[in-house]
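The values are calculated or read from the model by the stated rules, or taken from the named source; none is laboratory data. Just so we're clear, the structure is a prediction, and the values are computed from it rather than from any experiment. Glycine also receives a Cβ, built like all others from the backbone with ideal geometry; neighbour counts cover every protein chain displayed. Surface accessibility is based on the protein's heavy atoms, side chains included, excluding ligands, DNA and RNA. Shrake-Rupley method; radii C 1.70, N 1.55, O 1.52, S 1.80 Å.
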Amino acid sequence: MNPILELAKERFKGKKVFAVMSAKGGVGKSTIASLLALNSSEKRGTALIDLDVYGNSVLKLFGIKKLHEVSKEGIEPFKIGNLSIYSVGGLVGDHYVVLTGKQEGGVIESLLGFTNLKDDLVFIDTPPGMGEELLTLKRILKPEVALVTLPSRLSLKTVEQMLIYLLDTGIKPKVIIGNMAFLETKNGLIYPFGNLEPVLKLGEEYGIRVEFLPIDPSIEDFIGRIQDYSGCIKVTLKRIFVS
Amino acid sequence: MHEWAIAMSVVSSVEKWSTEKNVRVGKVILSVPSLSMLEVEILREAFDVIKKDSKIADAKLEIRLRDQEFSCRVCGNKFTLGDIKPQLEQVLKDYGEENPLHIVPALITAFAKCPKCGSNDFDVDTSIKVEAIEL
Ligand SMILES: Nc1ncnc2c1ncn2[C@@H]1O[C@H](COP(=O)(O)OP(=O)(O)OP(=O)(O)O)[C@@H](O)[C@H]1O
Ligand SMILES: [Mg+2]
Ligand SMILES: [Zn+2]
């Protein structure tokens with residue numbers, strides 16, 4: 001019997017868990033997960049869990065450099081207003097993380113099992129790909145999924161494979177997000193990855209809602225203080241996720 | 001401190017198991033990797049406090065500290081905890097008592113290297129497991 005796995009399942013029982021996923025790297029998962037969690041925390045207590053044990057982008061986005069406190073109940077979150085953030089980066093600090101596949105599963109189990117979770121709404125930032133993190137997450141809970149892609153044909157092909165896998169395992173993503181879809185300029189919209197037809201077609205084929213996010217170059221200025229960002233990506237996400 | 005969260009996990013998972021099987025638990029045998037630097041006495045005390053409010057209030061806890069074997073996937077070297085002691089002491093020095101290996105022993109590959117070839121790429125079982133339950 002694996003008590004940590006059981007504890008993890010217990011902690012997430014009855015919680016609403018929203019995972020931001022993509023088979024492709026660098027498409028904006030961490031940015032989107034962080035902004036979704038921030039939007040949600042304006043209304044109610046919300047948790048944000050960083051499952052990217054190598055990148056720890058969430059901590060970098062929020063500019064968190066401290067280590068987690070550990071109490072009798074478990075790992076205590078970093079608080080940003082009503083938002084509670086948990087990350088393996090908050091255990092190891094600046095030290096690099098290198099793990100074999102099996103250890104990786106153990107790390108995710110421990111993080112999910114030991115977070116002293118108080119909020120009923122949880123957002124999860126996941127690493128790219130379909131490795132151990134995804135399998136471990138699915139051992140513990142069944143998330144709602146937002147699938148992120150660039151409108152690029154290469155990104156779409158990779159993401160479609162993940163979509164098929166998710167459907168195969170009984171998870172139908174709530175939404176496909178075409179990130180960095182267009183840039184607003186004085187002379188109108190520019191589409192750096194070509195027209196958005198293929199994304200819409202993917203959604204149509206599988207009966208999943210498709211939404212697009214603009215490119216906002218100003219987001220760069222908010223790396224390390226994304227909690228202060230209120231630009232068009234955040235505003236658009238607010239409109240997409242009304243509930 | 002972290003011993004309390006582990007005790008909570010053991011009580012709740014054994015309690016769930018015993019409810020499903022409808023049996024009374026006499027003793028829980030818990031296997032713990034020694035590299036996690038868990039304090040057996042605190043773990044036992046936590047277990048005894050937490051179990052009082054559960055359906056396994058009479059259960060005793062036996063803790064088996066496991067000195068695990070490490071096996072390098074690069075050079076094939078087999079080694080023990082004693083062989084990487086200086087590396088573990090460094091972690092304790094850098095992070096203190098609530099260090100990453102104490103909370104998440106699976107992080108061991110990030111903090112230790114094969115003493116022979118210096119690789120982080122080794123196999124080891126860092127899980128905490130309920131080995132047996134006596135009725
Ligand atoms: N809509 C956007 N407009 C402008 N820049 C963006 C947008 N979305 C993401 N970015 C930028 O793209 C880069 C990658 O974003 P992010 O780290 O969130 O992606 P990711 O999918 O989480 O990456 P990884 O796969 O490495 O985890 C970052 O520099 C981020 O600031
Ligand atoms: Mg990321
Ligand atoms: Zn070696």
Given the options A:Glu205, A:Glu211, A:Glu220, A:Glu184, name the one that is closer than 20 Å to A:Thr149 by Cβ and loosely packed, with under 14 Cβ neighbours inside 10 Å. A:Glu205
When B:Val49 is run through (1) within 26 Å of B:Pro115 (Cα to Cα); (2) in a helix (DSSP H, G or I), the failure sits at (1)
Considering residues that are open to solvent by less than 20 Å² (accessible area, probe 1.4 Å), in contact with a helix residue (DSSP H, G or I) (Cβ under 8 Å, 6 or more places away or on another chain) and not in a loop (DSSP other than H, G, I, E, B), the number found within segment A:40-69 is 9
Of all residues in segment B:32-54, how many are out of contact with any helix residue (DSSP H, G or I) (no Cβ under 7 Å at 6 or more places or on another chain), of a type outside the set (Lys, Arg) and within 13 Å of B:Arg64 (Cα to Cα)? 3
Tell me which of these A:Gly178 doesn't satisfy, since it passes every other one: (1) crowded, with 19+ Cβ neighbours inside 10 Å; (2) among the small types (Gly, Ala, Ser); (3) within 16 Å of ligand 1 (Cβ to nearest atom); (4) touching a residue at least 60 places away in the same chain (Cβ under 8 Å). (4)
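Taking segment B:68-79, which residues are in a strand (DSSP E or B), surrounded by fewer than 16 Cβ atoms within 10 Å (Cβ to Cβ) and more than 12 Å from chain A (Cβ to nearest Cβ)?
Residue satisfying the conditions is B:Lys78 alone.
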Does A:Tyr54 satisfy the criteria of being touching a Phe, Trp or Tyr at 6+ places or on another chain (Cβ under 9 Å), within 14 Å of another protein chain (Cβ to nearest Cβ) and within 16 Å of ligand 1 (Cβ to nearest atom)? yes
Residues located in segment A:172-188, provided they are at pLDDT below 95 and either within 22 Å of A:Thr31 (Cβ to Cβ) or in contact with a helix residue (DSSP H, G or I) (Cβ under 9 Å, 6 or more places away or on another chain) (or both): A:Glu184, A:Thr185
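From the list B:Leu30, B:Leu92, B:Leu61, B:Leu65, which residue is within 11 Å of chain A (Cβ to nearest Cβ) and either part of a strand (DSSP E or B) or surrounded by fewer than 16 Cβ atoms within 10 Å (Cβ to Cβ) (or both)?
Values: B:Leu92 fails: within 11 Å of chain A (Cβ to nearest Cβ); B:Leu61 fails: within 11 Å of chain A (Cβ to nearest Cβ); B:Leu65 fails: within 11 Å of chain A (Cβ to nearest Cβ).
Only one candidate passes the filter, namely B:Leu30.
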Go through (1) more than 16 Å from ligand 2 (Cβ to nearest atom); (2) in contact with a strand residue (DSSP E or B) (Cβ under 7 Å, 6 or more places away or on another chain); (3) more than 14 Å from chain B (Cβ to nearest Cβ) one by one and return the number of the condition A:Asn116 breaks. (3)
